[in-house]
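The values are calculated or read from the model by the stated rules, or taken from the named source; none is laboratory data. Only a predicted model underlies this, so the values are computations on that prediction, with no experimental measurement involved. Here Cβ is always computed from backbone atoms with ideal geometry, including for glycine, and neighbour counts include all displayed protein chains. Note: accessible area is taken over every heavy atom of the protein model, side chains too, but ligands, DNA and RNA are not part of it. Shrake-Rupley method; radii C 1.70, N 1.55, O 1.52, S 1.80 Å.
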Amino acid sequence: MTTLTDDRRVRARDASPARYFYLHMALACAATAFLGFAPTYWAPLARGAFSASPVIHFHGLLFFTWSLYFVIQTWLAASGRVVNHRAIGIVGVSLATAMTIFGFLASVHVMQHAAALGQKEAGIAFSIVPMSGIAFFAVVFVLGIVNTRRPEVHKRLMLLAAVSILDAAIARWFLTFLAPPGPPGPPPVPVTIAPAVVAALLLVVAMVRDWRTEGRVHPVYITGTLAMLAVKVLNWPISETAAWHSFAGGILALAQ
């Protein structure tokens, strides 16, 4: 009874229009994820024209489930249902763990597919993109969990984690409508920078909201956005080093 009373008090206090900002951002992330993969995954899948390994399908299912889970969690928080929000938090931990595992497996699959096409070195170079992306997501998610008792930090870290994995969806539109036709295989690493910059615009929206409502931009957004973009930019030179080719090539050798 005490818990229910406390929850009602939290809901009455926190269910203000401003609290729904993060729900709107979560909806934007989910829409971006769905629309981004629509031309290359959802539409072909609906027509029965998409064929891929179970790893790729399960990877896609987990990542899209995350976007829906993020919407649910932000809705619960926005409506003041903090007890429910915390109760299903363990689901997010399990989901993020599975995403990290299958994100890595999908990266290995990309290398294997590229090798089968005779583009082994290109596949090894490109593998840094999904591997660094899922590693960044995992680190930010863990920081978000560690800061659950600091809601102003926690919710910003969770938004950063959600935005950090949107570049793959945005890249599908770049490759579908802007990239010139070419042989099948992994794209050059530098072309992944632009989609990351586009994804970061969602964080810019959050920064503007902070500035207008708080009078300053929260450090999580500044540090997190710079770190996210730095990872995307540094992928390019690192992917061309002998050290990366030795590391990723070793993983590929173990998988074959």
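Computed values, structure above
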read-out: The chain: calculated mean residue ellipticity at 222 nm from DSSP helix runs of at least 4, using -39500 (n - 2.57); value: -25500 deg cm²/dmol
read-out: Helix 242-255 vs. the chain, principal-axis angle (Cα, 0 to 90°, nearest 10); value: 90 degrees
read-out: Ordering of 153-160, 169-176 by packing [mean C-beta count within 10 Å, highest first]; value: 153-160, 169-176
read-out: Accessible-area ranking of W211, W236, largest first, probe 1.4 Å; value: W211, W236
read-out: Calculated log₁₀ intensity ratio I(q)/I(0) where the Debye formula runs over C-alpha points of the chain, q = 0.11, 0.16 Å⁻¹; value: -0.63, -1.23
read-out: Gaussian network model of the chain, springs between alpha carbon atoms under 10 Å - residue of L229, L95, L117 with greatest fluctuation; value: L117
read-out: Helix axis angle, 193-214 relative to the chain longest principal axis, alpha carbon, degrees; value: 10 degrees
read-out: Dipole-positive endmost among I124, F137, G103 within region 40-174 (Cβ charges, Cα centre); value: F137
